[in-house]
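> There's a structure below that I have some questions on.
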Amino acid sequence: MSNAQYFDGVSARLHQVELSTADGHLHLAGPGIDWRGRLDQVRLAEPFLDAPSVLYLPGGARCEVADPQARAAVAAALAYRPGLVVRWQRHWYAALAALVLLLAVGAAVWVWVLPAAAEKIAANVPDAFDGRLGASALAGLEAKVFAPSTLSQAQVAALQAMLAEVAPASPRHRLRLLNRSAPALGPNALALPDGTIIITDQLVLAVLGKQTTFDDEMRAGLMGVLAHEVGHVQRRHSVRALARSSLTAAASAALLGDFSAVAAGIPAVLANLHYSRAMETEADLYAVDTLHRKGISTQPLAKLLDWLEESERKSIEHNLPAWMKQALPYAASHPGAYERSRRMIEAEQAAEKK
Ligand SMILES: [Zn+2]
């Protein structure tokens, strides 16, 4: 005989009752309550630490037992056996194994499943999207970052000729080169998804130094930079990066269960868009391959990249407004990219000497 609380499943009212078991039956008795039923029709909820045991009775009624001894007696009378998961939970090694498994699955999703899904999505984004994405990015840059170029007509024409020389026979988008002054970006080049490539006056003038015309070494370095940007356009890196970061944000929001974060996250996704290391390497390889096919040395590019990396650290990180530093995936706002590129080019040269 033990105290219990009975709820009839119809009203929220609590009834104090006496609980007893005998002959395979459960009996609850109290003021106005006389419930009797077979034990095999009573279900005991999973016990949880010191919380009252909950008995589910046929017909939606419920009974709670708080006293620890009574709880044990009821469990024994019902021949309660904890489920497999409950038994596992009691062993630290099982919990640890489950945690490791969870992390492994999470990592696999992150490393393989999301990127693969993003590639699928990107492949299904129509090419017209590249045009709109490029146009809106350019409008933003023209309004906030770019000023008219101060280069001479002859210099602009020479740069156009360099792009024409490294352009592939059948580009993904019509390639066009814009010259702009961009003190905030410093010496830089960027590619928009629609095939627009922008090279800053700051980069061109730094390469020229005191000269006004380009010598062969300057041309080789600049063509390498332009070829790298063409590589980003050809491999459609912006759309692929956008698909990946959108998907990652949506997956995180779904995992964390905050639906408002999905909508709120979209501007953040756009603002944090970066090319992956793999994409930078791909663009580097594209540039090296292009220069090789044209019989142009990659050494001037290696030197230029070295110098850019140094000036990028000094210039971009300090001068670029915070929003633009992140909103510009195409800007070389990825530290280490140039170092990798340089290493790769040096490796190329070493291979050639053999
Ligand atoms: Zn790049």
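> Which whole-number percentage describes the relative contact order of the range 130-265, with Cα contacts under 8 Å and a sequence gap of 6 or more? Show your work: numbers first, answer last.
On the way: 156 pairs, mean separation 33.2, N = 136.
It comes to 24 percent, rounded to a whole number.
> Further question: Classify the range 2-81 as rounded, prolate or oblate from the Cα gyration tensor: take a ≥ b ≥ c as the square roots of its eigenvalues, call it rounded if a/c is under 1.5, otherwise prolate when a/b beats b/c and oblate if not.
It comes out rounded by the Cα gyration axes.
> Can you check what the net charge comes to around Pro82, using other residues whose Cβ is under 10 Å from the Cβ of Pro82 (Lys, Arg +1; Asp, Glu -1)?
Around Pro82, the surrounding residues sum to +2.
> With +1 assigned to the C-beta of every Lys and Arg and -1 to the C-beta of every Asp and Glu, and no other charges, what is the dipole magnitude of the range 86-173 about the Cα centre in debye, to the nearest 20?
In debye, rounded to 20, the range 86-173 gives about 600.
> Right, next: If you take every residue apart from Tyr6 with its C-beta less than 14 Å away from the C-beta of Tyr6, what net charge results, scoring Lys and Arg +1 and Asp and Glu -1? All intermediate terms of the calculation are to be shown ahead of the outcome.
Values: positive: Arg13, Arg36, Arg62; negative: Asp8, Glu18, Asp34, Glu64.
Taking every other residue near Tyr6 into account, the sum is -1.
> For a paramagnetic label modelled at 7 Å from the Cα of Val54 toward its Cβ, which residues of the range 1-16 fall within the zone defined by backbone nitrogen distances under 20 Å?
Under 20 Å, as judged by backbone N against the label point of Val54, lie 3-16 of the range 1-16.
> Could I ask something else about it? For the range 2-81, give the magnitude of the charge dipole about the Cα centre (Cβ charges: +1 Lys/Arg, -1 Asp/Glu; no others), in debye to the nearest 20.
With Lys and Arg at +1 and Asp and Glu at -1, about 160 debye.
> Where does the charge balance sit around Val113 when Lys and Arg score +1, Asp and Glu -1, over other residues with C-beta under 13 Å from its C-beta?
In short, +1.
FYI, it's all coordinate maths here, none of it is from the lab. All values reported here derive from a predicted model rather than from experimental measurement. We place every Cβ from the backbone using ideal geometry, glycine too, and count neighbours over all the protein chains shown.
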